[in-house]
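Novice: Just passing along the structure, written as structure tokens.
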Amino acid sequence: VDGEGWESFCQQLLKLKYGSNEGYQEVPARYGGDLGIEGFTQTGRAFQCYCPDGEPSHKELYESQRDKITRDISKLLKNETDLKRLLGDIIIKEWQFLTPRYDSKELIAHCTKKTQEVRSSGKSHVSKDFKILIRTESYFIPERDTLISAGHGQISSDLAPISEEEVAEWKASNNEYFK
């Protein structure tokens, strides 16, 4: 999965999990960026999606996730005025980092360090008991299953149907495999 595909999948999961009961609101990044969040709820949850490129090593995965969290928490603090315009009187209590996988306890330690920085920032749009949580797809199993049942996330093919002539030709040239 790539970054865009992961974000789209996460948005669907978030809408299912938090849409009707907590008033989930997606934040489009098209004009001027996402301010360090890609969505929020009326109850004070904020979300950021991240999918690393390719198949990173253990170290590369940790470093890319750590750096993404650092950048986006910095945006969350720096953009207080713009975020207050979006949030109104909502105070962010929780910032969830949604990623396909993580495999380092050091990432949890980094989140703990960043949590303390946010708590001590004195910013009015974040709670005094603010926390950062790492979430993978396994946190959203019922929502994922709902999407799969509805046909989302299924592999589809744009291939044209195979003609009888193509089948006969394949059989003739691959007789050993066909048997």
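Novice: Which condition number does F40 fail, the rest of (1) modelled with pLDDT of 90 or more; (2) open to solvent by 50 Å² or more (accessible area, probe 1.4 Å) being met?
Specialist: The one condition F40 does not meet is (2).
Novice: If I filter region 9-37 down to residues being modelled with pLDDT of 90 or more and not in a helix (DSSP H, G or I), which single residue comes out as least open to solvent (accessible area, probe 1.4 Å)?
Specialist: Top of the filtered list is I37.
Novice: Looking at Y50, is it hydroxyl-bearing (S, T, Y), within 14 Å of the chain's Cα centre (by Cα) and modelled with pLDDT of 90 or more?
Specialist: yes
Novice: Given the conditions (1) open to solvent by 80 Å² or more (accessible area, probe 1.4 Å); (2) more than 25 Å from L16 (Cα to Cα); (3) assigned to a helix (DSSP H, G or I), report the number of the one that P142 does not fulfil.
Specialist: (2)
Novice: Working only within region 86-126, note down all residues that are hydroxyl-bearing (S, T, Y) and open to solvent by less than 20 Å² (accessible area, probe 1.4 Å).
Specialist: Passing the criteria: T99, S104, T115.
Novice: Also: Can R135 be described as surrounded by 11 or more Cβ atoms within 10 Å (Cβ to Cβ), at pLDDT below 95 and not small (G, A, S)?
Specialist: Against the criterion (surrounded by 11 or more Cβ atoms within 10 Å (Cβ to Cβ), at pLDDT below 95 and not small (G, A, S)), R135 does not qualify.
Novice: Which of the residues that make up region 146-164 are at pLDDT 65 or above and either within 10 Å of L13 (Cα to Cα) or assigned to a loop (DSSP other than H, G, I, E, B) (or both)?
Specialist: T146, L147, A150, G151, P161, I162, S163
Novice: Kindly provide the set of residues from region 66-85 that are within 20 Å of the chain's Cα centre (by Cα), of a type in the set (D, E) and surrounded by fewer than 19 Cβ atoms within 10 Å (Cβ to Cβ), ordered by number.
Specialist: D67
Novice: Going residue by residue through region 113-127, is there one that turns out to be modelled with pLDDT under 75 and either in contact with a Phe, Trp or Tyr (Cβ under 8 Å, 6 or more places away or on another chain) or under 25 Å from Q11 (Cα atoms) (or both)?
Specialist: Within region 113-127 (the criterion being modelled with pLDDT under 75 and either in contact with a Phe, Trp or Tyr (Cβ under 8 Å, 6 or more places away or on another chain) or under 25 Å from Q11 (Cα atoms) (or both)), the answer is no, since none of the residues qualifies.
Novice: How many residues does region 86-113 hold that are touching a residue at least 24 places away in the same chain (Cβ under 8 Å) and in a helix (DSSP H, G or I)?
Specialist: 7
Novice: Something else now. Is it the case that L61 is under 22 Å from G23 (Cβ atoms) and within 20 Å of the chain's Cα centre (by Cα)?
Specialist: Taking the combined requirement at face value, the residue does not satisfy it.
The values are calculated or read from the model by the stated rules, or taken from the named source; none is laboratory data. What you are looking at is a predicted structure, and each value in this text was computed from that prediction instead of being measured. Methodologically, a virtual Cβ is constructed for each residue, glycine included, from the backbone with ideal geometry; neighbour enumeration extends over all protein chains shown. Note: areas computed on protein heavy atoms with side chains; ligands, DNA, RNA excluded. Shrake-Rupley method; radii C 1.70, N 1.55, O 1.52, S 1.80 Å.
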